[in-house]
Amino acid sequence: MADDAHQLGRPVPVPASPEEATLDRVPNPHADTDYVTRFTCPEFTSLCPVTGQPDFAHIVIDYVPDQWLVESKSLKLFLFSFRNHAAFHEACTVGIGKRLVERLEPRWLRIGGYWYPRGGIPIDVFWQTGKVPEGLWIPDQGVSPYRGRG
């Protein structure tokens, strides 16, 4: 089944950092078809590189796979490895997207990082690899802009 999934089906410790995390991949059973896969991580956390305080985000990843799919357990562990990682919102969001592109070589990928306010200002970060493949429906990411209480 998964010739490149080394973490699936066995206990694996959380990686100490994103650099140490492994993104496993599995063959795409529909490599001849354009379709969108979405991963949503509504409780993403990292650390502020200045204060060391936690930062929280809602991350949405959409991609059109080519030959490879990301194995979801490895993606969860990769995202969880940011919990003690100190980086700005932009570095986390774009870094996640680039790491997935490097590993999967998808036809297209988009990531939205919807960050909760730091210092009273929410910072949302968006990155994608290029134009959406022609004729493909890409749904809205469905995350409302931050409005605070009220």
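The values are calculated or read from the model by the stated rules, or taken from the named source; none is laboratory data. Since the structure is predicted, the reported quantities are computational estimates derived from the model, not experimental observations. Glycine also receives a Cβ, built like all others from the backbone with ideal geometry; neighbour counts cover every protein chain displayed.
Of the candidates G130, G112, G119, the single residue that is out of contact with any helix residue (DSSP H, G or I) (no Cβ under 7 Å at 6 or more places or on another chain), without any contact (Cβ under 8 Å) to a residue 40 or more places away in the chain and under 14 Å from Y63 (Cβ atoms) is G130. Within region 31-48, residues that are at pLDDT 95 or above have Cβ atoms under 6 Å from residues that are aromatic (F, W, Y) and outside any strand (DSSP E or B) in these pairs: S46/F82, counting only partners at least 6 apart in sequence or on another chain. Scanning region 57-64 for residues that are among the aliphatic types (A, V, I, L, M), crowded, with 18+ Cβ neighbours inside 10 Å and closer than 19 Å to E20 by Cβ turns up nothing. A residue that is closer than 25 Å to W108 by Cβ, assigned to a strand (DSSP E or B) and either polar (S, T, N, Q) or out of contact with any Lys or Arg (no Cβ under 9 Å at 6 or more places or on another chain) (or both) occurs somewhere in region 22-34. Residues that are surrounded by 20 or more Cβ atoms within 10 Å (Cβ to Cβ) and under 15 Å from T45 (Cβ atoms) were ranked within region 96-124; the one that is nearest to the chain's Cα centre (by Cα) is I96.
Counting only residues that are more than 16 Å from I111 (Cβ to Cβ) and among the charged types (D, E, K, R), region 56-77 holds 3 of them.
Scan region 6-13 and give yes if some residue there is surrounded by fewer than 16 Cβ atoms within 10 Å (Cβ to Cβ) and modelled with pLDDT of 95 or more, otherwise no. No; the residues of region 6-13 include none that is surrounded by fewer than 16 Cβ atoms within 10 Å (Cβ to Cβ) and modelled with pLDDT of 95 or more.
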